[in-house]
Every structure is written in C-alpha cells, then in structure tokens.
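First the structure, in the form of structure tokens, and then the observations on it.
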C-alpha cells in the first residue's frame with residue numbers, strides 16, 4: 001500500500017507541475033490572441049480609411065464636374 005501511495009503522490013506532483021505549464025501556455029495564447037485582434041482591427045481600419053478617402057475624392061470630383069456643367073449652362 002505504501003508503494004501505491006508513493007506512485008499516487010508522484011503522479012500528483014507531476015500533474016501539478018503540468019498544470020503550471022498549461023497555465024503559462026494558456027496565458028500566452030490569450031495575450032497573443034488579444035494582440036492579433038488589435039493588429040487585425042488596425043489593418044481593417046487603415047484599409048477602410050483608404051477607401052473612405054478615395055470615395056470622398058471621387059464624390060468631390062463629381063460635385064466639381066456638376067458645378068462646372070451648371071456654370072456652363074448658365075452662360
């Protein structure tokens with residue numbers, strides 16, 4: 001019976017040490033996940049900003065053309 005208790009205690013110690021490793025891995029993966037989310041959100045906002053500027057530029061050019069056409073019609 002003494003031998004079985006030693007084996008159980010040994011297994012228990014090893015499981016506890018593995019729990020520490022798994023906690024570290026879990027923490028690291030959580031941090032990496034958060035970092036990845038921030039990076040992807042930043043990239044998405046950057047791309048949206050580019051398209052928004054391009055759209056504004058196109059709308060501005062169209063408005064300018066309309067104003068020029070209206071000005072020519074009045075003359």
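Each value in this text was obtained by applying a stated rule to the coordinates, not by laboratory testing. Keep in mind that this is a model prediction, so the values were computed, not measured.
Listed values, structure above:
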| quantity | calculated |
| --- | --- |
| 10 Å binning of all Cα-Cα separations within the chain, expressed as whole percents from 0 upward | 15, 16, 14, 13, 11, 9, 8, 6, 4, 3, 1 |
| Between helix 2-74 and the chain: long-axis angle, C-alpha atoms, 0 to 90°, nearest 10 | 0 degrees |
| Computed [θ] at 222 nm, helices only, for the chain once each DSSP H run of length n ≥ 4 contributes -39500 (n - 2.57) | -37000 deg cm²/dmol |
